[in-house]
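Below: one structure in structure tokens.
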Amino acid sequence: MNELAPNEVVLLVDARGRRHLVRLRVGGSFHSHSGIVEHDQLIGRPDGAVVRSAGGARYVALRPTLAEFVLEMPRGAQVIYPKDLGAILMLADVYPGARVFEAGVGSGALSLTMLRAGAEVVGYELRPEFAAVATANVTAMGLEQRYRVEGRDAYLGIEERSLDRVVLDLPEPWRMVSHAEQALRAGGVLVAYLPTINQTAELRQALSVSSFGLAETVEVLERRWHIEGRSVRPDHRMVAHTGFLTRARLLEKER
Ligand code: SAH
């Protein structure tokens, strides 16, 4: 089943590298300034097909990878970028069947990543319109079976128990430390993504007076390279900062 089929989401990439996500429909068409591509030109073609618009522009049609999907999918809130998503999977040690609590869910980039790694994810998201965007994005990737999002305030507590992992992307994760102590199984992992080091220090302080141990904070720097003929060098620009990643493990309470 390698052929592109109706109803699936494909990524169209033009000659300049511009990207568009398109859901294929029989009789549908994709419009851009370089002309129209009929969906029927793509349906039945292999993943990676090369097509031309009515105006002669070249497009490549691919099933998006998770990273490609996350960067192009509809957004409510800002998403976590692929370089950090990959690191979070390792830091949180997400595995198939792991029971993961996530808050806030935002646009669902992190949800998608953990679902793809095989986790069962329960998310709390304060804003119902973001919860709807996240659910739609997860459904577009066909990963909704192991996913549930509730429109609620995570600071008020986590209802689930015996969780394997708690993964946080909200502004005041220190308010989640005692909730996570209740909700995680012993040996469980907490991971938080935070944009500033002040917030990170506040979280680390809260963790240091909790039952969590083995706390660590890292940031992930990614430098892209320009490689064209004899010009081989780092790109002139890079994303200098996204966020800090903190993780800790729940230990047995000391008597
Ligand atoms: N990690 C997400 C982005 C999350 S953005 C992704 O990769 O797509 C942060 C989200 O936290 C926002 O959607 C915001 O509405 C939500 N949020 C903030 N405070 C919250 C709270 N107390 N409970 C639940 N969600 C909260």
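Can you say what percent of the DSSP beta bridges in the range 51-191, counting only those with both residues inside, are antiparallel? Round to 5.
Working: 2 of 19 bridges.
In the range 51-191, DSSP labels about 10 percent of beta bridges as antiparallel.
Among Ala77, Ala140, Ala49, which one moves the most in a GNM of the chain with springs linking Cα atoms closer than 10 Å?
Ala49
What number does the range 50-149 give for Rg over Rh if you use C-alpha atoms and the Kirkwood radius? Write out the running numbers ahead of the final one.
Values: Rg = 15.0 Å, Rh = 14.2 Å.
Rg divided by Rh gives 1.06.
Normalised by the number of residues in the chain, what is the relative contact order in percent for Cα pairs under 8 Å and 6+ residues apart? If you can, show how the numbers build up before the last one.
Numbers: 505 pairs, mean separation 33.4, N = 255.
The value is 13 percent.
Projected onto the charge dipole of the chain (+1 at Lys/Arg Cβ, -1 at Asp/Glu Cβ, origin at the Cα centre), which of Ala201, Leu89, Leu4 gives the Cα projection farthest towards the positive end?
Positive-most Cα among the choices belongs to Leu4.
Where Lys and Arg each count +1 and Asp and Glu each count -1, what net charge lies around Glu150 among other residues with Cβ under 13 Å from its Cβ? Working shown, then result.
Numbers: positive: Arg127, Arg148, Arg152; negative: Glu102, Glu125, Asp153, Glu159, Glu160.
Every neighbour counted, the sum reads -2.
When Lys and Arg each count +1 and Asp and Glu each count -1, what net charge do the other residues less than 12 Å away from Asp84, Cβ to Cβ, add up to? Can you show the working numbers first?
Working: positive: Lys83; negative: Asp169, Glu219, Glu222.
Once all neighbours under 12 Å are counted, the net charge is -2.
What is the dipole size for the range 1-146, taken about its Cα centre, with +1 at each Lys and Arg Cβ and -1 at each Asp and Glu Cβ, in debye to the nearest 20?
Working: 15 positive and 15 negative charges, 75 e Å.
Charge dipole, the range 1-146, about its Cα centre: 360 debye, nearest 20.
If you take the square roots of the eigenvalues of the alpha-carbon gyration tensor of the range 115-255 and sort them as a ≥ b ≥ c, do you get rounded (a/c under 1.5), prolate (a/b over b/c) or oblate? Kindly include the intermediate steps, with their values, before the conclusion.
Details: a/c = 2.15, a/b = 1.36, b/c = 1.58.
Since a/c reaches 1.5 but b/c is at least a/b, the shape of the range 115-255 is classed as oblate.
If you add up the charges near Ala248, with Lys and Arg at +1 and Asp and Glu at -1, over every other residue whose beta carbon is less than 13 angstrom from its beta carbon, what do you get? Don't skip to the end; give the middle numbers.
Details: positive: Arg165, Arg204, Arg247, Arg249; negative: Asp93, Glu181, Glu216.
Neighbourhood net charge equals +1.
What residue among Gly104, Ala140, Phe130 has its Cα farthest toward the positive end of the dipole of the range 102-247, where the charges are +1 on Lys, Arg and -1 on Asp, Glu, each on the Cβ?
In the range 102-247, that residue is Ala140.
Toward the positive end of the charge dipole of the chain, about the Cα centre and with charges on Cβ (Lys, Arg +1; Asp, Glu -1), which of His226, Pro46, Leu190 goes farthest?
His226
Run the dipole for the chain about the Cα centre, Lys and Arg Cβ at +1, Asp and Glu Cβ at -1, nothing else charged, and hand back the magnitude in debye, nearest 20.
Working: 31 positive and 31 negative charges, 126 e Å.
In debye, rounded to 20, the chain gives about 600.
Sorted from fewest to most neighbouring beta carbons within 10 Å, what does the list His226, His179 look like?
Values: His226 10, His179 18.
Fewest to most other Cβ atoms nearby, the residues stand as His226, His179.
At 10 °C and a viscosity of 1.306 mPa s, what translational diffusion coefficient does Stokes-Einstein give for the range 161-242, taking Rh as the Kirkwood radius over Cα pairs? Give it in µm²/s as a whole number. Mind showing how you got there, number by number?
Working: Rh = 15.1 Å.
Translational D for this selection: 105 µm²/s.
For a quick protection proxy, order the peptides 121-129, 204-212 by their average other-Cβ count within 10 Å, most packed first. Show your work: numbers first, answer last.
Values: 121-129: 20.0, 204-212: 16.8.
Highest mean packing first, the order is 121-129, 204-212.
Compute, for the range 183-255, the length of the dipole vector about the Cα centre, with Cβ point charges of +1 (Lys, Arg) and -1 (Asp, Glu) only. Units Debye, rounded to 20.
Working: 11 positive and 8 negative charges, 26 e Å.
For the range 183-255, the charge dipole is close to 120 debye.
Then there is this: Mind checking which of Arg75, Arg18, Arg175 has the largest fluctuation in a GNM of the chain, springs on alpha carbons under 10 Å?
Looking only at Arg75, Arg18, Arg175, the largest GNM fluctuation is found for Arg18.
Over the chain, what is the percentage of antiparallel beta bridges among all DSSP beta bridges, to the nearest 5? Please list the in-between numbers first.
On the way: 33 of 51 bridges.
Of the beta bridges lying entirely in the chain, close to 65 percent run antiparallel.
Taking N as the number of residues in the chain, what is its Cα Rg relative to 2.2 N^0.38 Å?
Cα-based Rg divided by the globular estimate yields 1.16.
FYI, it's all coordinate maths here, none of it is from the lab. Fair warning: this is a prediction, and the values are worked out from it, not measured in the lab. Every residue, glycine among them, receives a Cβ derived from its backbone with ideal geometry; neighbour counts consider all protein chains shown.
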